[in-house]
Amino acid sequence: MEKEPNNNSMNGTATMPSYFPCIKSSESHPLADWLYLKSVITSSPELRMMTETYRKRLAISKQFADQYKPEMPAITVSALMNGYGRQLADFLKPTYMFQLDFDHVKKEDMEQLIQLVRGDSHTMVEYITVSGRGFRVFCAYHPVDDDDISVLELFDAVL
């Protein structure tokens with residue numbers, strides 16, 4: 001079966017997720033494009049430093065690490081928000097993306113699993129989580145044409 005091209009690709013036409021400078025913040029802005037998002041997650045010196053700090057704290061205790069987590073950036077993968085909050089009322093537009101979160105992955109399996117998801121046509125971004133013990137995958141999907149249900153109703157049902 002031939003892979004269907006991803007219309008949410010890095011071509012600049014996709015609706016991008018909102019980026020929050022820290023988890024506890026309600027202020028956000030849309031990301032420029034998927035390449036920028038991937039570079040922020042995988043190459044940002046600031047985020048790398050925060051990740052190292054989190055992992056050092058995690059080596060002491062999970063509770064100590066979790067106290068630091070609200071200072072880290074956040075992304076609403078599935079939605080573009082209005083810039084003023086994260087509630088359903090702040091929702092502007094769907095990105096047609098979702099996030100898969102794989103926790104407690106064995107160290108010896110991590111690289112092979114990352115390579116598998118990296119090769120899938122639906123994968124937009126993949127990265128190892130802040131704990132270093134799992135990974136996340138941002139995937140694209142195609143919207144369903146259904147006049148009986150809106151995207152907001154779907155989000156409301158999930159919440």
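Counting other Cβ atoms within 10 Å as a rough exposure proxy, the listed residues His104, His142 run His104, His142 from fewest neighbours to most.
Longer than 26 Å from Cα to Cα, which of Lys56/Lys93; Lys24/Lys62; Lys38/Lys93 are they? Say none if no pair is. Where the Cα-Cα span goes over 26 Å, the pairs concerned are Lys56/Lys93.
Less than 5 angstrom separates the built amide H of Tyr127 from those of Arg136, all sequence-distant by 5 or more or on a different chain. Karplus-derived 3J(HN,Hα) values for segment 19-28, using 6.51 cos²θ - 1.76 cosθ + 1.60 with θ = phi - 60°, are 10, 10, x, 8, 4, 7, 7, 9, 7, 9 Hz; glycine and proline are entered as x.
With neighbour counts taken as other beta-carbon atoms within 10 Å, the residues Arg55, Arg48 rank, fewest first, as Arg48, Arg55. Computed from the alpha carbon positions, the gyration tensor of segment 18-158 leads to an equivalent ellipsoid with semi-axes of 27, 20, 14 Å, biggest first.
Amide H contacts under 5 Å for Gly85: Ser28, restricted to partners 5 or more places along the chain or on a different chain, H placed in the peptide plane at 1.01 Å from N. Relative protection proxy for 60-72, 83-95, from highest mean packing down: 83-95, 60-72 (other beta-carbon atoms within 10 angstrom).
Rule-based calculations on the coordinates, nothing more; no lab input. What you see is a predicted model, and the numbers here were worked out from it, not measured in a lab. Cβ atoms come from the backbone with ideal geometry, glycine included; neighbour counts cover every protein chain shown.
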